[in-house]
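The values are calculated or read from the model by the stated rules, or taken from the named source; none is laboratory data. Bear in mind that the values here come from a model prediction, so they are computed numbers and not experimental data. Heads up, the Cβs are rebuilt from the backbone with ideal geometry, glycines too, and the neighbour counts pull from every protein chain shown. For the accessible areas, the whole protein counts, side chains as well, though only heavy atoms, and no ligand, DNA or RNA atoms are used. Shrake-Rupley method; radii C 1.70, N 1.55, O 1.52, S 1.80 Å.
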Amino acid sequence: MKLASLKSGRDGKLVVVSNDLTRYTDAARVAPTLQAALDDWDNVAPGLLELAQGVETGSVPVERFHEREAASPLPRSYQWADGSAYINHVELVRKARGAEVPSSFYEDPLMYQGGSDSFLGPRDDIVMAADDGWGIDMEGEIAVITGDVPMGVSADEAGAYIRLVMLVNDVSLRGLIPAELAKGFGFFQSKPSSAFSPCAVTPDTLGESWKDGALHLPLIVNYNGEPFGRASAGQDLTFNFHQLIAHAAKTRPLCAGTIIGSGTVSNKLDGGPGKPVAEGGAGYSCIAEIRMIETIYDGAAKTPFMKFGDTVEIKMEDATGKSIFGAIEQKVAKYER
C-alpha cells in the first residue's frame, strides 16, 4: 500500500496511490490525514488497504497522481529523530580530521532530534538566505514512520511498530555544524527543514527488499543531472531500524507518527572509502562524503557544496526499474522573505 499527502492546509489530504504511482483515490472517508490514520492505525489500515485494492482493480474513483502536487507524507510530525546507521560515514568524518571513532559508536547508535514542525515537499525548493559559507548539502536517507511505541521496547519487538517506509533528503548546512556542535548542545541552525519522498509505503509492499529491519536496494542520488550516488541501503549497515527504534524508545514512549531516519546511506569499497559512480563505485549520498575522501587522499576538499540553482534528485527503483516512492527533486533557491 502506498500513501501520499496532497498539499492542502497544514497537514495535507491523505490519498491512496496506485503501485505504479499514476493514480490515486481520496482517502477522506477513511482518514482525512496521514497523522489521523496513524493515530488509529489498527482500525483505519483495513479501510486504506481496501481502497488500495480498489485503485488497482478500478473499483473506486481515481484521479491522475502528480508527484509535484504532493507534500511530504507527513507535512509536519510530532517527532523526527535521525540516526547514523552507516558508520562508514562517521568513520570518514573522523578520519578527515585525524580523529578516531570511539568504540561505543559501534554498539550504541548516534541520534539527534531534528525540527519536525515544517517539512519541505518533495518538489519544493531548498530556500536559503545565503549559499556561500553555509555549506548547503543534501543527505540521501531512508526513514520509517512508527505507530505508538512503548518505552523500553526491545529491538526484537520494534519491527512490529513500523507502519511506513519512505526516503529523505536531510538538508544540512555543513558550514554551520562545527560551531554549533562545539557548544555541546547539538544541531539547530545547521539542520533546516528536511524533505521526504512523495509516497510512504507499507513494509509488505517492498517484498523481499525489506528484510531484517532494512531496505536492501540502491538509493539513487543524482546531482545536477549526473549520477552521484548508488549506495545500497542494505549494505554496511551498523544498526537496522529495529535497533534505531529501540534506542529512541529507551527512556520514553514514541507517539504515532514518529519518523526515524537512517542517516546518510554510505558504502565501503574493499574495506575503504567508496569510489565515484563515474569510476565504477557506488558513489555518495551527500557532498560532505566525497569532500572527506578528497581531504584524506589529496589533502584538501575540491568538490564545492551546493549553490543557488543546483539540483538534487533522490529516488529508489524496484528490480524492474520502476520508482517505488516517487522522487525527491529539489533546487537550491534564494530565500526572499
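Flag set for ALA233, criterion: open to solvent by less than 20 Å² (accessible area, probe 1.4 Å), touching a His at 6+ places or on another chain (Cβ under 9 Å) and hydrophobic (A, V, I, L, M, F, W, C). Among residues of region 226-247 that are hydroxyl-bearing (Ser, Thr, Tyr), those with a Cβ under 6 angstrom from a residue that is surrounded by fewer than 22 Cβ atoms within 10 Å (Cβ to Cβ), sequence gap 6+ or separate chain, pair up as SER232/PRO218; THR238/ILE87. Scan region 216-233 and tell me whether some residue there is farther than 25 Å from GLN330 by Cα, out of contact with any Cys (no Cβ under 9 Å at 6 or more places or on another chain) and not basic (Lys, Arg). Taking every residue of region 216-233 in turn, none turns out to be farther than 25 Å from GLN330 by Cα, out of contact with any Cys (no Cβ under 9 Å at 6 or more places or on another chain) and not basic (Lys, Arg). Scanning region 139-164 for residues that are hydroxyl-bearing (Ser, Thr, Tyr) and open to solvent by less than 10 Å² (accessible area, probe 1.4 Å) yields a single hit, THR146. Considering (1) small (Gly, Ala, Ser); (2) under 25 Å from PRO73 (Cβ atoms); (3) at pLDDT below 95, the lone condition that GLY274 does not fulfil carries the number (2).
Filtering region 191-207 to residues that are of a type outside the set (A, V, I, L, M, F, W, C) and either within 17 Å of the chain's Cα centre (by Cα) or over 29 Å from MET316 (Cβ atoms) (or both) leaves LYS191, PRO192, SER193, SER194, SER197, PRO198, THR202, PRO203. Would you check if VAL127 is more than 18 Å from the chain's Cα centre (by Cα), of a type in the set (A, V, I, L, M) and either assigned to a loop (DSSP other than H, G, I, E, B) or modelled with pLDDT under 95 (or both)? Here the answer is no, as VAL127 does not meet what is asked. The residue that is most open to solvent (accessible area, probe 1.4 Å), counting only those in region 4-44 that are in a helix (DSSP H, G or I) and in contact (Cβ under 8 Å) with a residue 40 or more places away in the chain, is ASP39.
Of the residues making up region 284-337, those that are assigned to a strand (DSSP E or B), within 19 Å of PRO227 (Cβ to Cβ) and open to solvent by 10 Å² or more (accessible area, probe 1.4 Å) are THR311, GLU313, LYS315, GLU317, SER323, GLU329, LYS331. In region 127-152, the residues that are closer than 30 Å to SER232 by Cβ form Cβ pairs under 7 Å with partners that are among the acidic types (Asp, Glu) and open to solvent by less than 30 Å² (accessible area, probe 1.4 Å), at six or more places apart or across chains, as follows: GLU139/ASP170; GLU141/ASP170. Consider region 73-114 and keep the residues that are part of a loop (DSSP other than H, G, I, E, B) and in contact with a strand residue (DSSP E or B) (Cβ under 8 Å, 6 or more places away or on another chain). The one that is most open to solvent (accessible area, probe 1.4 Å) is LEU110.
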